[in-house]
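First, the structure itself, so that you have it in front of you.
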4 protein chains.
Amino acid sequence: MVVVMGERATEEQIQRVVAQLVEMGYDVHRSTGATRTVIGAVGGGPKGDPRLVEMLDGVAEVVRISEPYKLASRTFKRDDTIITIDDLRIGGDEVIVMAGPCSAESEEQVMGTAAAVKRAGAKVLRGGAFKPRSSPYSFQGLGEEGLRLLRAAADQHNMKLVTEVMDASQIEVVGRYAHIYQVGARNMQNYSLLRELGRTRRPVLLKRGISATIEEWLLSAEYVLAGGNMDVILCERGIRTFESYTRNTLDISAIPVVRHLSHLPVFVDPSHGTGRRDKVAPMARAAVAAGADGLIIEVHCDPDHAMSDGAQSMFPGQFEQLMAELRIIAPAIGRSICLEPVARRGWGF
Amino acid sequence: MVVVMGERATEEQIQRVVAQLVEMGYDVHRSTGATRTVIGAVGGGPKGDPRLVEMLDGVAEVVRISEPYKLASRTFKRDDTIITIDDLRIGGDEVIVMAGPCSAESEEQVMGTAAAVKRAGAKVLRGGAFKPRSSPYSFQGLGEEGLRLLRAAADQHNMKLVTEVMDASQIEVVGRYAHIYQVGARNMQNYSLLRELGRTRRPVLLKRGISATIEEWLLSAEYVLAGGNMDVILCERGIRTFESYTRNTLDISAIPVVRHLSHLPVFVDPSHGTGRRDKVAPMARAAVAAGADGLIIEVHCDPDHAMSDGAQSMFPGQFEQLMAELRIIAPAIGRSICLEPVARRGWGF
Amino acid sequence: MVVVMGERATEEQIQRVVAQLVEMGYDVHRSTGATRTVIGAVGGGPKGDPRLVEMLDGVAEVVRISEPYKLASRTFKRDDTIITIDDLRIGGDEVIVMAGPCSAESEEQVMGTAAAVKRAGAKVLRGGAFKPRSSPYSFQGLGEEGLRLLRAAADQHNMKLVTEVMDASQIEVVGRYAHIYQVGARNMQNYSLLRELGRTRRPVLLKRGISATIEEWLLSAEYVLAGGNMDVILCERGIRTFESYTRNTLDISAIPVVRHLSHLPVFVDPSHGTGRRDKVAPMARAAVAAGADGLIIEVHCDPDHAMSDGAQSMFPGQFEQLMAELRIIAPAIGRSICLEPVARRGWGF
Amino acid sequence: MVVVMGERATEEQIQRVVAQLVEMGYDVHRSTGATRTVIGAVGGGPKGDPRLVEMLDGVAEVVRISEPYKLASRTFKRDDTIITIDDLRIGGDEVIVMAGPCSAESEEQVMGTAAAVKRAGAKVLRGGAFKPRSSPYSFQGLGEEGLRLLRAAADQHNMKLVTEVMDASQIEVVGRYAHIYQVGARNMQNYSLLRELGRTRRPVLLKRGISATIEEWLLSAEYVLAGGNMDVILCERGIRTFESYTRNTLDISAIPVVRHLSHLPVFVDPSHGTGRRDKVAPMARAAVAAGADGLIIEVHCDPDHAMSDGAQSMFPGQFEQLMAELRIIAPAIGRSICLEPVARRGWGF
């Protein structure tokens, strides 16, 4: 931390600050200028709350100087993390698209949607079995039967499965079906859950909380990494702002910022980030153009009758159109989007 | 919901909207004006997502018309809820103050702080045993030993105990010691936890998430109420805004708004809401002046050496001074602040 | 407006609301459901403040139903507005790029930068002569001499000139040099200025205020349109959020939203929207991918010695690289980016 | 500024940073720790944009260390500024209340409201003659005739007059009638206006912009102070947040923060800060309890028929009740509220 003393700070006040810093375990560097003294404090232990210094007499300002996260930072690991699941590589040159319904509702719905998203180029099937709903009176998901349906559909179409785990007690059952655990925005700071996921050896897609700063998001990733699980995918899904036309404001600028601060792959969820089907395609294109490593998109074979979030689910045809647009954009930043054999033969478009 | 058709909407488009609403289970009222048609939809079931209508052709705007919460609203229950624990009444004429350390650290610290806050007029002891910390490298609390210390101190001073429960698996152990369960801001949308707390018969102090709207906060209360536990205390503790001088912006206006919308008592936490000891007293006074039913305040017998949040913990002397100020303010709104016999005899001030 | 009565509203309360609405000049439609009454109010005059009704007894909620802007809306004009200045077309198939220095500083700097941005494909030169600075102690611009230098450079390279007008008293002098008036974010609600610009017959580039909702932004455009000047270009430049890593959060989702609500062209300023040179290119690509009609970008021939905003100004080489990337992206959404003869011959890349 | 180098920064990178800082006019202090180097830079001139350093290779973080405002800060002037107009003292022990209608509408309305607010204890009459309205189709004020009516009413009741000046061209006419110039929230960064007001010798009440940080607000005050006019009253009136129940969120915590950073008096406008009459009283009480030097409140003798902002204007009886409550609260913080002879004799309550 750096402590800037006020212009009228006395020597006694400066000594008091130095003593406090030493007690907190810091190495102290003092630098005296014409008008004010600046004290640099390096090292320090877990009790190093900068506010304790901030309130001492004579202190003008206190500034934290190192990111409180370590394993998630580019300082710790310079090269991009690439997460491998069988032949799937997340974080490499290929932009990976995860797609599927908000919730598993029935075998027909899951199978139909999986076939459609696979044909358009999705590599991972998404879908929920346990749904966190803000109203206790809403549809709460199919539970384990939903997981079974999703995994069967993923296997049939040679895709991987990502699905949400809502608390630590669900890790075991979800782990029997999912290739990737998803942590929802509301759970970004559920530390019991994050700590347990750090003990698994399966990738975790960690959504940003709607009011989380980028630093807090990386600190939550740190909980998983600190447990020994290095496969964390960050996922931006919109932050809360005063603008109310869209449910949230998708923070596209978080993509280059996270890529600068961290080695972890960063995905974008334009479905929850906008809340409206007609805004998903423009924001998905924007995300890829800004450098996202992947997307997670809600697609439903019959969105008008979806049991949850139908309004933000794309029709299969819209999703195919979007994938075609993304294939044009990706090369602008030296990347590609998957192209399936069937598509290469010109079917299905 | 109310659907406003665009000025150029065709009869066919209007019919399509009416059909959709009927399918969603609504009673439909159509009202045709000179320039536009307005459709009122009343009733409706769990599939009534307004966005599904919003995207139909010809629709200009869709507006939800009833609060999605029921049991928490003043429409459901007109009179203020008063929560009784033995001789303690929360939500009545007396403004109730809960105070104590951020974390239980040692017997001496817990006992010393409890004695001090009791003397100044606190009726409930606060203190944490399991700490949710944003960094995995910070102090995480004493666990059950902390609970034991806190309860012993509360009993000795004839106070009740409020302490945080971090996930559903802790409900049982925390319940052996606490009179009131506290749900932290990060857990405001942890629905597994809320649902389980709804099955207990002990009061729940529910903090507002830092990016939660008032409506979402009341919906979270609804999860507890819907389980049959009607004793929920709402607690404002600051929302996230662009202003960075204070950690969060304490939303004092939420007090009169919640009192208008709901019958539940509303408390304020000026310690977390400001993050700085020197701002706690002004905001505590403001909260009482605005009509809060109570306060929860961090006090530490030695804040400079606190293991967490020392910077926002008051010294015992500051807390006594604040309580004296609050006793002047409360009558302005027809309320009182507790005055202990010892204080009435003029000791300790 | 639509008035939703509470479930327990009495007939007398309903009559009082109807009377108030009639007094405010509305046509009233009453619709009585099983549990509540909904009153639709159409028409109404300038005194129609919905809050006056909101506070009557028995009212649960009041909702405004029509956009308060008229001329700016797609309801008023269905086709995209295309603004023509000589052979330049803004709002058509070609994505238009405006580029240049933050401030005019010297003839050499202006000429050098103009030549560079022209070669890369910019069609409009941007640059400031009067600078609004948040500190009274900062560089305040060259004034009319700056305007003269900018216009000379634009003419020499066959570009148009856009420059900021800071208050109504500057309209005349700025109008002697600029092809397009720019209104800065801080002036978005300077109604005296907007009204005067409505009386000119020259295009106005209207930046969004950093805390303006999209509706307020369109209302500000309405001030210009209402004066008879139909050539308004909207320009998103970042909104204020809690995230502090970037100076502002560029609201890319505003692009598809504005294109849905309004017929006016929408531009993006990724330089002010991010405040950092290394984030300008990703956000510029994202803006074009999301459907922006154009960009306005700060480029400086020597950013390290710029007198203002050097940190967010691109080097000419970075700008050329960006333009090459945009030429790949634009076709994904059926658009093009200008390609100059010199560039087509392969020089300068 | 303080520059924190990354852990792997090379000596060459450090030298490059030092050279840049020296070129920018700073005195440089270098402090080398075990894992990283910290460089303190003191002094510096107008070109000292920290972002220019932030982008150099090897730099981990750059932190500004001194407030960019000078005359407004407590460092410059330790004692509270007290502004005197005849026998009125603003910023002293007495909490000053300014009250009156949103707009002057007629002689009867102005006189009636002035008499009522005077009787309840207001010392300054507020009222608008030129109205900044977000819609070009709304009532725009009576102009100079309104000023004349307001001043006559103020004189008759021995009050001072505060009224809004919307741009620099109005300073002269407004100055013929007003004792205090009011600068509205939308004009907080209208630097042409602020600069001109700095040349007058009359107090300026400067409202905080709805998205302005406290630092930006103080910088705007600096524009006035730098011109030689030292009589600035700061006025909090709500900031924009995601919460939409209230129009804005009144930032009560800004009161103690501003009183800590600056010597200028700080007022609160609970009428615009909440937008609803029924929330004005609780927030006014909160403001005084938190230490505000004064209030500015909209009162109308017939709010239901006000031409603007009737919904947030108090009835005279409500205002008298509020003043009585404030008289109870003020002593809690060692202050008083004015009590008129007529009131002391027990009339009019």
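The values are calculated or read from the model by the stated rules, or taken from the named source; none is laboratory data. For clarity, every value in this text was computed on a predicted model and none was experimentally measured. Reconstructed Cβ throughout: ideal geometry from the backbone, glycine too, with neighbour counts over all protein chains shown.
Just to be sure, is C:Leu234 under 28 Å from D:Gly209 (Cα atoms), away from chain D (no Cβ under 14 Å), touching a helix residue (DSSP H, G or I) at 6+ places or on another chain (Cβ under 9 Å) and touching a residue at least 60 places away in the same chain (Cβ under 8 Å)?
no
Does the stretch B:288-304 contain any residue that is more than 15 Å from the chain's Cα centre (by Cα), of a type in the set (Asp, Glu) and buried (at least 24 other Cβ atoms within 10 Å of the Cβ)?
Yes, some residue in the stretch B:288-304 is more than 15 Å from the chain's Cα centre (by Cα), of a type in the set (Asp, Glu) and buried (at least 24 other Cβ atoms within 10 Å of the Cβ).
For the stretch D:38-50, indicate whether the set of residues that are within 9 Å of another protein chain (Cβ to nearest Cβ), assigned to a helix (DSSP H, G or I) and either under 33 Å from the mean Cα position of the chain (by Cα) or modelled with pLDDT of 80 or more (or both) is non-empty.
Taking every residue of the stretch D:38-50 in turn, at least one turns out to be within 9 Å of another protein chain (Cβ to nearest Cβ), assigned to a helix (DSSP H, G or I) and either under 33 Å from the mean Cα position of the chain (by Cα) or modelled with pLDDT of 80 or more (or both).
Kindly indicate the residue of the stretch B:6-29 that is facing another protein chain (nearest Cβ under 10 Å) and in contact with a strand residue (DSSP E or B) (Cβ under 7 Å, 6 or more places away or on another chain) and also nearest to A:His305 (Cα to Cα) among those meeting that condition.
Kept after step one, since they are facing another protein chain (nearest Cβ under 10 Å), are these residues of the stretch B:6-29: B:6-8, B:20, B:23, B:26-29.
From what's left, in contact with a strand residue (DSSP E or B) (Cβ under 7 Å, 6 or more places away or on another chain): B:6, B:26-29.
Working: B:Gly6: 24, B:Tyr26: 15, B:Asp27: 19, B:Val28: 20, B:His29: 23 Å.
Here the residue is B:Tyr26.
Residues being β-branched (Val, Ile, Thr) and either in a helix (DSSP H, G or I) or touching a helix residue (DSSP H, G or I) at 6+ places or on another chain (Cβ under 9 Å) (or both): count how many of those fall in the stretch C:76-114.
4
Using the structure shown, decide if D:Ser271 is of a type in the set (S, T, N, Q), within 14 Å of chain C (Cβ to nearest Cβ), assigned to a helix (DSSP H, G or I) and closer than 30 Å to D:Arg195 by Cβ.
yes
With of a type in the set (A, V, I, L, M), at pLDDT 95 or above and part of a loop (DSSP other than H, G, I, E, B) as the only criterion, which of D:Ile252, D:Ile210, D:Ile233 stands out?
D:Ile252
Among the residues of the stretch C:122-164, which ones are crowded, with 21+ Cβ neighbours inside 10 Å, in a loop (DSSP other than H, G, I, E, B) and at pLDDT below 95?
C:Gly127, C:Ala129, C:Phe130, C:Lys131, C:Pro136, C:Gly141, C:Leu142
Here is a check on your reading of the model: is A:Ser220 of a type in the set (Gly, Ala, Ser) and assigned to a helix (DSSP H, G or I)?
yes
Determine which single condition A:Pro282 fails, assuming it passes every other condition in (1) of a type outside the set (D, E, K, R); (2) buried (at least 24 other Cβ atoms within 10 Å of the Cβ); (3) away from chain B (no Cβ under 14 Å); (4) in contact (Cβ under 8 Å) with a residue 24 or more places away in the chain.
(4)
Something else about it: Among the residues of the stretch C:258-279, write down those that are at pLDDT below 95 and of a type in the set (Val, Ile, Thr).
Selection gives C:Thr274 alone.
Of the conditions (1) more than 15 Å from the chain's Cα centre (by Cα); (2) more than 13 Å from chain C (Cβ to nearest Cβ), D:Ile255 clears all except one; give me its number.
Single failed check for D:Ile255: (1).
I'm trying to understand the selection: among the residues of the stretch C:237-249, which are among the hydroxyl-bearing types (Ser, Thr, Tyr) and assigned to a loop (DSSP other than H, G, I, E, B)?
Across the stretch C:237-249, the qualifying residues are C:Thr241, C:Ser244, C:Tyr245, C:Thr246.
Would you confirm whether or not the stretch B:293-302 contains a residue that is charged (D, E, K, R) and either at the interface with chain D (Cβ under 7 Å from one of its Cβ atoms) or under 19 Å from B:Gly121 (Cβ atoms) (or both)?
yes
Still on this model: From the residues in the stretch D:192-211 that are facing chain C (nearest Cβ under 9 Å) and hydrophobic (A, V, I, L, M, F, W, C), which one is farthest from B:Arg247 (Cα to Cα)? I'd like the intermediate steps shown before the answer.
Taking the stretch D:192-211 as the starting set, the residues that turn out to be facing chain C (nearest Cβ under 9 Å) are D:192-195, D:198, D:209-211.
Next, only the ones that are hydrophobic (A, V, I, L, M, F, W, C) stay: D:193-194, D:210.
Working: D:Leu193: 33, D:Leu194: 30, D:Ile210: 18 Å.
Selected residue: D:Leu193.
Quick check on my filter: what residues within the stretch D:212-236 are surrounded by fewer than 24 Cβ atoms within 10 Å (Cβ to Cβ), of a type outside the set (A, V, I, L, M) and within 30 Å of A:Tyr245 (Cβ to Cβ)?
Across the stretch D:212-236, the qualifying residues are D:Thr213, D:Glu215, D:Glu216.
When you check B:Val59 against the structure, is it buried (at least 21 other Cβ atoms within 10 Å of the Cβ) and touching a helix residue (DSSP H, G or I) at 6+ places or on another chain (Cβ under 8 Å), yes or no?
So B:Val59 fails the test.
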